[in-house]
1. Mind listing whichever residues of region 12-23 are loosely packed, with under 10 Cβ neighbours inside 10 Å and either under 30 Å from Arg107 (Cβ atoms) or in contact with a helix residue (DSSP H, G or I) (Cβ under 9 Å, 6 or more places away or on another chain) (or both)?
2. Starting from residues that are more than 22 Å from the chain's Cα centre (by Cα) and assigned to a loop (DSSP other than H, G, I, E, B), keep the ones in region 11-30 and report whichever is farthest from Val148 (Cα to Cα).
3. Among the residues of region 132-153, write down those that are in contact with a strand residue (DSSP E or B) (Cβ under 9 Å, 6 or more places away or on another chain) and touching a residue at least 24 places away in the same chain (Cβ under 8 Å).
4. Does region 31-53 hold any residues that are part of a loop (DSSP other than H, G, I, E, B), surrounded by 10 or more Cβ atoms within 10 Å (Cβ to Cβ) and out of contact with any helix residue (DSSP H, G or I) (no Cβ under 9 Å at 6 or more places or on another chain), and which are they?
5. Just one of Ile153, Ile74, Ile68 is exposed (fewer than 14 other Cβ atoms within 10 Å of the Cβ) and either in the same structural domain as Pro51 (by TED's automatic domain parsing) or assigned to a loop (DSSP other than H, G, I, E, B) (or both); which is it?
6. Go through region 77-93 and count every residue that is surrounded by 15 or more Cβ atoms within 10 Å (Cβ to Cβ), over 15 Å from the mean Cα position of the chain (by Cα) and not hydrophobic (A, V, I, L, M, F, W, C).
7. Of the numbered conditions (1) closer than 24 Å to Lys66 by Cα; (2) in contact (Cβ under 8 Å) with a residue 40 or more places away in the chain; (3) not in a helix (DSSP H, G or I), Thr117 satisfies every one except a single condition; which is it?
8. I need a count of the residues in region 102-142 that are under 27 Å from Ile5 (Cα atoms) and either of a type in the set (A, V, I, L, M, F, W, C) or exposed (fewer than 11 other Cβ atoms within 10 Å of the Cβ) (or both).
Amino acid sequence: MTKSIGHGYTDTVISGVPSLTVGIPVVNYEEDYRPLSESPTESIITNVMSPIDQPSTFRFAVRQNKNIYAGMDINPSSQLPDRSGVDVLSQVREVYSFEDTLNPGVRLLFPGSAGMTVSLPNFVEFTPDMALALAMRCVAGLFEQGVVTSTGIAALQRGVLTKKAM
């Protein structure tokens, strides 16, 4: 018996765009980070190399999800017998500084935060590689079609929720 898992969609090839690469920063957890708080379901770590007034933290959390189908329009007869899963969170928070060389006394601080929750079924056939592909597809939603530039985020920042190519 052959088993397979399909995601149901097909992405049409874009002429001249064989694939996209998103640069992931290299984060040195071993050298730069230490735990701030830890529990069985959450860990917050801080970058001890950042200035004291500009903390940089990561938050990782996991939460049991009793019904991964909640809010989904999937016929109950097609659902897994075990409807449970886990929600996995990765969040980063940073504090940026703004300084103006023409006004040496001016130093402003402002926060930035980004997080992603990936909801995963408790189904042995759903692999970590499939979860990674799902997370990367979500990241792709921040960009415009066929490019890895800030133009997609710039549009979203201004409330433009429809992609330019649509």
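The values are calculated or read from the model by the stated rules, or taken from the named source; none is laboratory data. As the structure is a computational prediction, the values presented were derived from the model and not from experiment. Reconstructed Cβ throughout: ideal geometry from the backbone, glycine too, with neighbour counts over all protein chains shown.
1. Gly23
2. Thr12
3. Val139, Gln145, Gly146, Val147
4. Passing the criteria: Thr41, Pro51.
5. The match here is Ile74.
6. 2
7. Only one criterion is unmet by Thr117, namely (2).
8. 21
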